[in-house]
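Right, one structure below, let's go through it.
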């Protein structure tokens with residue numbers, strides 16, 4: 001197993017785009033990570049699973065930067081962690097059980113819902 005697939009302009013640019021969106025908005029990098037990972041040849045299930053592997057270190061860096069700049073307080077985030085962790089476990093279990101077509105529809109519906117919510121604010 002290779003540790004790294006080929007690194008090229010497309011993968012570097014995709015990583016930069018994901019990082020910018022994640023850092024700028026505090027989230028959302030995964031929403032563009034999945035389509036970009038699919039363009040590299042991953043199927044829907046692998047793209048969604050690998051988006052987490054991409055987003056985790058990026059989110060940690062973003063979090064540290066926000067902490068350093070005083071834009072976030074851990075006490076504000078702590079109440080959401082237990083539910084978030086439980087949700088992650090459930091989501092990981094469901095990812096392996098749901099059909100790929102349904103995963104695509106759920107992902108698309110979530111993207112549309114998130115976009116509409118942002119536009120309505």
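The values are calculated or read from the model by the stated rules, or taken from the named source; none is laboratory data. Small disclaimer: the values here were computed from a predicted structure and weren't measured. Neighbour counts run over all protein chains shown; Cβ positions are idealised from the backbone, glycine included.
A few points about this structure:
- When 47, 53 are checked against the criterion of being within 22 Å of residue 114 (Cβ to Cβ), at pLDDT 85 or above and touching a helix residue (DSSP H, G or I) at 6+ places or on another chain (Cβ under 6 Å), a single residue qualifies: 47.
- In the set (1) in a helix (DSSP H, G or I); (2) modelled with pLDDT of 85 or more; (3) more than 30 Å from residue 7 (Cα to Cα), residue 101 fails one condition alone, (3).
- Taking region 4-22 as the range and being modelled with pLDDT of 75 or more and farther than 18 Å from residue 48 by Cβ as the test, the residues that pass are 8, 9, 10, 12, 13, 16, 19, 20.
- Restricting the first member to region 80-101 and to residues that are touching a residue at least 24 places away in the same chain (Cβ under 8 Å), and the second to residues that are surrounded by 10 or more Cβ atoms within 10 Å (Cβ to Cβ) and part of a helix (DSSP H, G or I), the beta-carbon pairs closer than 7 Å and six or more apart or on different chains are 95/45; 95/48; 95/49; 100/44; 100/45.
- Residue match in region 60-72 (condition: at pLDDT 85 or above, part of a helix (DSSP H, G or I) and under 13 Å from the mean Cα position of the chain (by Cα)): yes
- Condition met for residue 37 (free of Cβ contacts under 8 Å to residues at least 60 places away in the same chain, touching a helix residue (DSSP H, G or I) at 6+ places or on another chain (Cβ under 8 Å) and either surrounded by 11 or more Cβ atoms within 10 Å (Cβ to Cβ) or more than 26 Å from residue 13 (Cα to Cα) (or both)): yes
- Among (1) over 22 Å from residue 12 (Cα atoms); (2) surrounded by 15 or more Cβ atoms within 10 Å (Cβ to Cβ); (3) under 15 Å from the mean Cα position of the chain (by Cα); (4) without any contact (Cβ under 8 Å) to a residue 60 or more places away in the chain, the one test that residue 107 misses: (4)
- Qualifying residue in region 68-75 (condition: surrounded by 12 or more Cβ atoms within 10 Å (Cβ to Cβ) and over 26 Å from residue 17 (Cα atoms)): no
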